Amino acid sequence: MARPDKAAAVAEVADKFRESNAAVLTEYRGLTVKQLKELRRALGGNATYAVVKNTLTQIAAKEAGVEGLDADLKGPSAIAFVTGDPVESAKALRDFAKANPALIIKGGVLDGRGLTAAEITKLADLESREVLLAKAAGAMKAKISQAAYAFTAKPAQVARVIDALRQKQEAAA
């Protein structure tokens, strides 16, 4: 690998691995240039999609400390480097693969841990980060409301009993 162009390509891919919090390895054989443009558009600003050479990607992954991709680096490969929400990118890839069966999701890496294609599909089935946070906030608010009700229930009940006794005493007098 003494050629400077290959060294630059390895450095660029290694930097993308370091900058991204997830990477999804795909096989794009059979996709047209138009379909690849659609895929890049579907990924949006969340991820970049790049066609890569397998041997250079293996070297770059080792340099970046990424493990778990070596077994899947066979055939024509492209990687979606995810810098945003990995769930959104996994959904975009899954939906595109359903519409275009030529795209095959091989595997990936999430926060340094290798993922299989099935695990990426499970990741795509998750709700987005914002929805999960909203659900957690709603659950916490419900528990806080229940606690507030529990804390105010007994004093309110005592106040009603005292008021009833006062009214009974006033009626008797």
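The values are calculated or read from the model by the stated rules, or taken from the named source; none is laboratory data. All values derive from a computational prediction rather than experimental measurement. Every residue, glycine among them, receives a Cβ derived from its backbone with ideal geometry; neighbour counts consider all protein chains shown. The protein model used for the area step is the full one, side chains on, heavy atoms only, and it has no ligands, DNA or RNA in it. Shrake-Rupley method; radii C 1.70, N 1.55, O 1.52, S 1.80 Å.
Close amide H pairs (under 5 Å, H built 1.01 Å from N) link residue 77 with 52, residues at least 5 positions away or on another chain. Taking every protein chain into account, the accessible area of the chain amounts to 62 square angstrom per residue (probe 1.4 Å). If R0 equals 30 Å, the separation of the Cβ atoms of residue 143 and residue 11 corresponds to a calculated FRET efficiency of about 0.05. Each residue, residue 150 and residue 100, gets one label point 7 Å from its Cα in the Cβ direction; the gap between the two is 5.4 nm.
In this structure, the amide hydrogen of residue 47, modeled 1.01 Å from its nitrogen in the peptide plane, lies closer than 5 angstrom to those of 83, counting only residues at least 5 positions away or on a different chain. For a quick check, take a GNM of the chain with Cα springs below 10 Å and name the residue from 74, 143, 91 with the largest mean-square fluctuation. Result for the chain, Cα springs under 10 Å: 143 fluctuates most. Residues in segment 126-136 carry Karplus couplings, in order, of 5, 7, 5, 4, 5, 5, 5, 5, 5, 5, 5 Hz; the curve used is 6.51 cos²θ - 1.76 cosθ + 1.60 with θ = phi - 60°, and Gly or Pro positions show x. Per-residue Karplus couplings for segment 81-90, computed as 6.51 cos²θ - 1.76 cosθ + 1.60 with θ equal to phi - 60°, are listed in order as 8, 9, 10, x, 6, x, 5, 4, 5, 5 Hz, Gly and Pro entered as x. The phi-based Karplus calculation (6.51 cos²θ - 1.76 cosθ + 1.60; θ = phi - 60°) puts the 3J(HN,Hα) values of segment 9-22 at 5, 4, 4, 5, 5, 4, 5, 5, 4, 5, 6, 8, 9, 7 Hz, whole numbers, x for Gly and Pro. Summarising the label geometry, the points placed 7 Å from Cα in the beta-carbon direction at residue 21 and residue 173 lie 6.8 nm from one another. If only the Cβ of Lys and Arg carry +1 and only the Cβ of Asp and Glu carry -1, the dipole of the chain around its Cα centre is close to 400 debye.
From the alpha carbon centroid of segment 132-161 to that of segment 10-80 is 49 Å.
Rounded to the nearest 0.05, what FRET efficiency do residue 53 and residue 135 give with R0 = 30 Å and r taken as the Cβ-Cβ distance? Could you check?
0.10
Using the Cβ-Cβ distance between residue 121 and residue 62 with R0 = 25 Å, the FRET efficiency computed as 1/(1 + (r/R0)^6) comes to roughly 0.40.
If you run the Gaussian network model on the chain, springs between alpha carbon atoms under 10 Å, then out of 104, 162, 144 the most flexible one is 162.
What number, in percent, do you get for the relative contact order of the chain if the mean sequence gap of Cα pairs under 8 Å and at least 6 apart is divided by its residue count? Relative contact order here is 26 percent. Whenever you get a sec, compute what percent of the accessible area on the chain sits on carbon and sulfur atoms (1.4 Å probe). Accessible surface attributable to carbon and sulfur in the chain totals 60 percent.
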